[in-house]
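Peer 1: The structure follows.
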Amino acid sequence: MIDFSLTSEQKSMLEAVDRFLANRLPPEEVRRRDRAHVPPYDLLPDFAELGILGLPFDPAYGGLGESWLTLALVQERIAERAYFAASIVSRVVAFGGMSLMSYGNEAQRKKWIPQLIAGKALFALALTEPQAGTDASSMTTRAERVAGGWKIIGRKTWISDAKGASHLVVPARSEKGSKGTRGISVFLVPRDAPGIAMTVLEKVGNNCMPSFDIGFDDVLVDDDALLGVEGKGFSHILSTLHYSRASMCAAATGCAQAALNVALAHARERVQFGRPIGSNQTLAHRLADMQMRVDQSRLTLWHLAWMISNDMPCRREAAQAKVIATEALQYVTQHGMQILASAGYGIESDMQRMWRDARLFSFGEGTNEIQRDLVARELRL
Ligand SMILES: Cc1cc2nc3c(=O)[nH]c(=O)nc-3n(C[C@H](O)[C@H](O)[C@H](O)COP(=O)(O)OP(=O)(O)OC[C@H]3O[C@@H](n4cnc5c(N)ncnc54)[C@H](O)[C@@H]3O)c2cc1C
């Protein structure tokens, strides 16, 4: 049976989110943060208090034991106001917490999940290297065994939120001479460990999510920094991707809805040749196409969230959800810019921010080409 109605818990959670957004993130504050490049780390304690960071986790770890759909609804609602705020929730819940739940040991879960849920810890994924982007398995950062732990040597790049995080999740080659996906292990490295050097990278969008190039110069970590099974790190990372893809789909859907709202309002209000520009069929059809893509994104998201909530295998659905939602967002912002024309091009316009930010998402977190490969592979051509 398909039931799209929301539970009373989901409704109250969304009402609480709306109140929070009205108080802490009104539109002018979102614009101010974007202009001043202010990351959203200060919002984590508020998100914790609202219960958002603990939504899908077992009450044994301090979570609410809610469904993934509830998390998706909340992320979508937050992203409708500010993409950067939804993305920090994703980093804590879909990446940090679910990495521990998927391949951390019990001691690591007990230690870190309550801190993540309380907004006191933040993990950044340090996977990409200068020569290893799409082909992440060609990484050369290595981890060498030393007495009582490991020594990490190498370089990672484009790592989001690395400086604001409490820890970096670092996949590194732990088996000497190994190639490809074999012999890689994952380490939880304190961000301020001696030997770590970070340089901020300048970029065109996502101003509130700073990116860093990171050098690891003989960085020492203890044995208990190893996450999961030694040598199985690559499959560990792959095992959590559907969570972050669902989160990205939720955030992209919310942001696409926001961009559509801005375009619709402008099409109704802006008058040229004596009538609202939206009354021209060319623009009306474009807006109709934008609406259809946003709805498709949302349905894809809800289906994926339902699959995750029911522990169903969903590699293909997660990959296609990521493609559908990120390309819907790019379609809506691209055409939104055309509909707003000069009104969208000014730095005060919300459309230009969403348009700049959206450009990342068809190649960030696994390029859409690779997602299509993944979908095609499951079609057994
Ligand atoms: C703002 C920002 C934030 C980021 N945050 C993080 C982060 O927090 N952590 C992290 O680890 N990384 C992060 N990244 C890195 C991001 O994940 C990579 O940019 C992405 O994986 C693509 O790698 P690349 O840029 O090196 O592109 P490349 O791998 O050089 O690819 C270039 C193009 O070639 C295509 N291509 C490559 N191989 C194939 C193939 N076999 N078939 C078809 N097409 C192919 C790609 O799809 C892409 O279109 C971030 C990047 C940016 C810009």
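Peer 1: What do you get for the angle between helix 315-340 and the principal long axis of the chain? Use alpha-carbon atoms, 0 to 90 degrees, nearest ten.
Peer 2: 40
Peer 1: Points 7 angstrom from Cα along the Cβ direction at ALA193 and ARG380: gap in nanometres?
Peer 2: Calculated label separation equals 4.3 nm.
Peer 1: Based on the Cβ-Cβ distance from ALA147 to ASP58, what FRET efficiency comes out when R0 is 41 Å, to the nearest 0.05? Mind showing how you got there, number by number?
Peer 2: Details: r = 36 Å, r/R0 = 0.87.
Computed FRET efficiency for ALA147 and ASP58 comes out at 0.70.
Peer 1: I need the phi-derived Karplus couplings for region 181-189: 6.51 cos²θ - 1.76 cosθ + 1.60, θ = phi - 60°, integer Hz, Gly and Pro marked x.
Peer 2: 7, 7, x, 10, 10, 10, 10, 9, 10
Peer 1: What ranking do PHE4, PHE57 get, fewest neighbouring Cβ atoms within 10 angstrom at the top? Walk me through the numbers before you get to the answer.
Peer 2: On the way: PHE4 7, PHE57 23.
So the ranking, lowest neighbour count to highest, is PHE4, PHE57.
Peer 1: Taking R0 as 30 Å, what's the FRET efficiency between LYS203 and GLN296 from their Cβ-Cβ distance, rounded to 0.05?
Peer 2: Numbers: r = 29 Å, r/R0 = 0.96.
Taking R0 as 30 Å, the efficiency between LYS203 and GLN296 is 0.55.
Peer 1: While we're here: Specify which residue in the list ALA267, ILE159, SER67 is farthest towards the positive end of the charge dipole of the chain, using unit charges on the beta carbon of Lys, Arg (+1) and Asp, Glu (-1), about the Cα centre.
Peer 2: Selected residue: ALA267.
Peer 1: Students often get this wrong: which residues of region 135-165 have the backbone nitrogen under 20 Å from the point 7 angstrom along Cα-to-C-beta of ARG182?
Peer 2: Only 135-145 pass the distance filter.
Peer 1: Can I ask one more? Roughly how many whole Å is it from the C-alpha centroid of region 307-324 to that of region 288-302?
Peer 2: Distance between centres, Cα-based: 16 Å.
Peer 1: I've got another one for you. For region 337-381 and region 1-72, what is the separation of their C-alpha centers, rounded to whole Å?
Peer 2: Using only Cα atoms, the two centres lie 23 Å from each other.
Peer 1: Relative contact order for region 251-291 using alpha-carbon pairs under 8 Å, separation at least 6, rounded to a whole percent?
Peer 2: Values: 21 pairs, mean separation 13.3, N = 41.
For region 251-291, the relative contact order is 33 percent.
Peer 1: Continuing with this model, one more query. Helix 106-117 against the longest principal axis of the chain: what's the angle in degrees, Cα atoms only, rounded to the nearest 10?
Peer 2: 30
Peer 1: If R₀ is 35 angstrom, what is the calculated FRET efficiency for the pair SER239 and ASP42, using the beta carbon separation as r and rounding to 0.05?
Peer 2: On the way: r = 32 Å, r/R0 = 0.90.
E between SER239 and ASP42, to the nearest 0.05, is 0.65.
Peer 1: Rounding to the nearest 10 and keeping the result within 0 to 90°, find how far the Cα-based axis of helix 281-309 lies from the longest principal axis of the chain.
Peer 2: With both axes taken from Cα atoms, the answer is about 30 degrees.
Peer 1: I would also like to ask the following. Sequence-distant or interchain residues sharing an amide H contact under 5 Å with THR157, placed H: which?
Peer 2: THR128, GLU129, ILE214
Peer 1: Explain nothing, just compute: Karplus ³J(HN,Hα) = 6.51 cos²θ - 1.76 cosθ + 1.60, θ = phi - 60°, for every residue of region 190-198 in order, whole Hz, x for Gly and Pro.
Peer 2: For region 190-198, the Karplus curve yields x, 4, 9, 4, x, x, 8, 10, 10 Hz.
Peer 1: Another question, if that's okay. What is the order of THR157, THR300, THR199, fewest Cβ neighbours within 10 Å to most?
Peer 2: THR199, THR157, THR300
Peer 1: Here's a follow-up. Give, rounded to the nearest 20 debye, the magnitude of the charge dipole that region 237-378 has about its Cα centre when Lys and Arg contribute +1 at Cβ and Asp and Glu contribute -1 at Cβ.
Peer 2: Values: 15 positive and 13 negative charges, 47 e Å.
Dipole about the Cα centre, nearest 20: 220 debye.
Peer 1: Give me the base-10 log of I(q)/I(0) for the chain at each q in 0.07, 0.08, 0.10 Å⁻¹, Debye formula, one uniform scatterer per Cα, rounded to two decimals.
Peer 2: At q = 0.07, 0.08, 0.10 Å⁻¹ the computed log10 ratios are -0.32, -0.41, -0.64.
Peer 1: A further question on this structure: Order of VAL189, VAL332, VAL375 from fewest to most other C-beta atoms within 10 Å? Don't jump to the answer; show the numbers that get you there.
Peer 2: Details: VAL189 27, VAL332 31, VAL375 16.
Ascending number of Cβ neighbours within 10 Å: VAL375, VAL189, VAL332.
Peer 1: Separate question: Considering every pair of different Cα atoms, what Kirkwood radius, in Å, is found for region 295-334? Don't skip to the answer; put the middle values down first.
Peer 2: Details: mean 1/r = 0.0966 Å⁻¹.
About 10.4 Å, per the Kirkwood formula over Cα pairs.
Peer 1: Restricting to region 124-232, compute how many DSSP beta bridges are antiparallel as a %, nearest 5. Can you show the working numbers first?
Peer 2: On the way: 30 of 34 bridges.
Expressed as a percentage, antiparallel bridges in region 124-232 total about 90.
Peer 1: Sticking with this one: Just add up the charged neighbours of PHE361: K/R +1, D/E -1, any other residue whose Cβ is under 10 Å from the Cβ of PHE361.
Peer 2: Details: positive: LYS322, ARG359; negative: GLU327, ASP357, GLU365.
Here the charged neighbours net out to -1.
Peer 1: If you place +1 on the Cβ of every Lys and Arg and -1 on the Cβ of every Asp and Glu, how big does the dipole about the Cα centre of the chain come out, in debye to the nearest 20? Please list the in-between numbers first.
Peer 2: Details: 43 positive and 42 negative charges, 139 e Å.
The calculation lands at about 660 debye.
Peer 1: Please sort by residue number the chymotrypsin sites (Phe, Trp or Tyr not before Pro) in region 262-353 whose DSSP state is loop and whose Cβ has at most 12 other Cβ atoms within 10 Å. Could you put the intermediate results ahead of the total?
Peer 2: On the way: sites: PHE273, TRP302, TRP306, TYR331, TYR345; in loops: PHE273.
Hits after loop and neighbour filter: PHE273.
Any read-out appearing in this document is the output of simple, stated calculations on the displayed coordinates, not a laboratory observation. Values in this document were obtained by computation on a predicted structure and should not be read as measured data. We place every Cβ from the backbone using ideal geometry, glycine too, and count neighbours over all the protein chains shown.
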